[in-house]
Amino acid sequence: MRDFPIGVFDSGVGGLTVVREIMRQIPNENIVYFGDTARVPYGSKSKDTIIKFSKQIVDFLLTKKVKAIVVACNTASALALEDLKREVDIPIIGVVMPGAIAAAEATRNEKVGVIATEATVNSNIYTHYLRDLNPNIQVYSKACPLFCPLVEENWLYDPITIEIADRYLSELIEYEVDTIVLGCTHYPLLRHTLRKVVGEKMNLVNPAYETAITLKNVLKEKQLDRLSKTNEHLFYVSDGAEKFKAFANTILPCEVMETNDVNIEQY
Ligand code: DGL
């Protein structure tokens, strides 16, 4: 089983920020990625729908004989992870707890901002986790529903994106948070734009790093870490394979030669 790949999924391209970090931290591992580009965004959908979509994707990834799964989507991690854990008997890791741990470590004034999708914010999951880690932390959450479509459109540095970021983040700046969790895997792709708005001193926490380290530790502990060094990664989406491939090639450290469409509704 050691040689089997890691399944990683997101509603679209956002999970590639987690893939990038896995490739950096555990380069021996092979990845099977699924981006649900036909049904993105998840952040404005109901819990039942997010659970249904996530289960279909997990069933698809299991057909690829994955040895572990990373839910590289905060929304699916917040709303579906517990249900998914009950369904599969391989390790399954979300991005929310790793993000909360990184933010709790980064904050000095114990005021943490969380930017995420509406579904993640409404779930209050970051607040619960951060408070569990440090009851003194005050959490200010802000849903930023326009960020995900802007990223999917690759408008990462557009003046409109800066203006929208300014509107969303001004509240958090007023609360004097010293740390902002990028609580949606699409948002690290806006990092440069967000940095312009919040200034140099703000800690911008990308949960991807901590997630990759968590995965590394789990694989080691269960003796599932891959020893061989030749890589073969596979990429699948539910729509727009060519557009996805072009985008992935601007983000990942390896070349994505091929992306295939999957009819995810059949799972
Ligand atoms: N990238 C996802 C997340 O981390 C979801 C964005 C969306 O589909 O709304 O929450």
Seminar exercise, completed: Among (1) within 30 Å of residue 38 (Cα to Cα); (2) within 19 Å of the chain's Cα centre (by Cα), residue 129 falls short only on (1)
For this session: Name the one entry in 185, 211, 230 that is more than 20 Å from residue 143 (Cβ to Cβ) and within 16 Å of the ligand (Cβ to nearest atom).
Result: 211
Problem set entry | Residues that are in a helix (DSSP H, G or I) and either basic (Lys, Arg) or closer than 13 Å to residue 113 by Cβ (or both), drawn from region 189-212 | 191, 194, 195, 196, 197, 198
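Specify the residue that is nearest to the ligand (Cβ to nearest atom); the eligible residues are those in region 38-70 that are among the hydroxyl-bearing types (Ser, Thr, Tyr) and surrounded by fewer than 23 Cβ atoms within 10 Å (Cβ to Cβ). Break it down stepwise before answering.
Step one: of region 38-70, the residues among the hydroxyl-bearing types (Ser, Thr, Tyr) are 42, 44, 46, 49, 54, 63.
Pick out the ones that are also surrounded by fewer than 23 Cβ atoms within 10 Å (Cβ to Cβ) and you get 44, 46, 49, 63.
Values: 44: 7, 46: 13, 49: 11, 63: 23 Å.
For region 38-70, the residue satisfying everything is 44.
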Problem set entry | Filtered residues of region 238-255 (kept if modelled with pLDDT of 95 or more and under 13 Å from residue 19 (Cβ atoms)) | 244, 248, 249, 252
Exercise. Do we have residue 24 as more than 15 Å from residue 184 (Cα to Cα), assigned to a loop (DSSP other than H, G, I, E, B) and in contact with a helix residue (DSSP H, G or I) (Cβ under 9 Å, 6 or more places away or on another chain) here?
Worked result: no
Seminar exercise, completed: Matching residues in region 1-21 (more than 16 Å from the ligand (Cβ to nearest atom), in contact with an Asp or Glu (Cβ under 8 Å, 6 or more places away or on another chain), modelled with pLDDT of 95 or more and assigned to a loop (DSSP other than H, G, I, E, B)) number 1
Problem set entry | Subset tally (residues that are surrounded by fewer than 19 Cβ atoms within 10 Å (Cβ to Cβ), in a loop (DSSP other than H, G, I, E, B) and either charged (D, E, K, R) or at pLDDT below 95 (or both)) for region 213-237 | 8
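The values are calculated or read from the model by the stated rules, or taken from the named source; none is laboratory data. Since the model is a prediction, treat every value here as computed from it, not as a measurement. Counting neighbours? That spans all protein chains shown, and the Cβs are built from the backbone with ideal geometry, glycine included.
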